[in-house]
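I have placed the structure first, in the form of structure tokens, so that the comments after it can refer back to it.
Bear in mind these aren't lab numbers, they're just calculated from the coordinates by the rules spelled out. The shown structure was predicted, so the numbers you read here are calculated from the model rather than taken from an experiment. Note that we place each Cβ from the backbone using ideal geometry, even for glycine, and neighbour counts take in every protein chain shown.
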Amino acid sequence: MSAFIPEQGYTFGSIAALLAVRGGAAVPDSGDRTRAAVAMILHQTGSDLEILFIQRAAHDLDPWSGHIAFPGGKLEEGELECQAACRETLEEIGLDLTQGQYLGRLSDIIGTNLPVRVSCCLFGLDRLSSRPALNEEVRDLFWVALSDLRDPARHRVSSVAFDEKCFDVPAITLPVDNKPVLWGITYRLVMQFLTVLDRRDTAGENYSVLPETVEINEGE
């Protein structure tokens, strides 16, 4: 039986159905991009739906050092996208997604600042079967309610730094103290998911490109 999600009356089953009906938009693949996969993990609370986020640990060799993200990483040889998302989630935060419910996939995202193609697999967890255990790649783990991600007051254009450049980008201010804004590929995946839940007609919409509202500023 699907878990009931009070926020908008969603169940894991209804979310899976929305993803299946919509299907993933085709994204051209040049073949020279690094393939990666992430897991968007959904969890039921008493009055809302929550999404799990991580904050990556600070590391000089990680281009996303300290950023808000979903657990995930590069595909290994012969691995399918959702296999990689499950493996990376287990390695990074100690959660076994095979104990949850697979809901479907969003459209792949093409990186704007780095040559990557990211797939996003969605999973529903009725409850946490084990206590999360963070590895050295993850600084923190936290949940954010869907109602907070929808809140227009949290949506803004924010200045961020990446690869020694400064960008003005669409972003979401999260309801968690001392966290950077949500932006970039993870932001675009969240916005795509909200579009799916709102049952908007997304046919032909290109999720692989950064929104046109983004402007690049001259960094210091």
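So for Val157, Val38, Val181, fewest C-beta neighbours within 10 Å to most, what's the order?
With the sparsest Cβ surroundings first, the list reads Val157, Val181, Val38.
Using Cβ contacts closer than 10 Å as the measure, can you line up Trp183, Trp143 from fewest to most?
In order of increasing Cβ crowding within 10 Å: Trp143, Trp183.
Using a 10 Å cut-off around each Cβ, can you sort Thr186, Thr112, Thr89 from fewest to most neighbouring Cβ atoms?
Thr112, Thr186, Thr89
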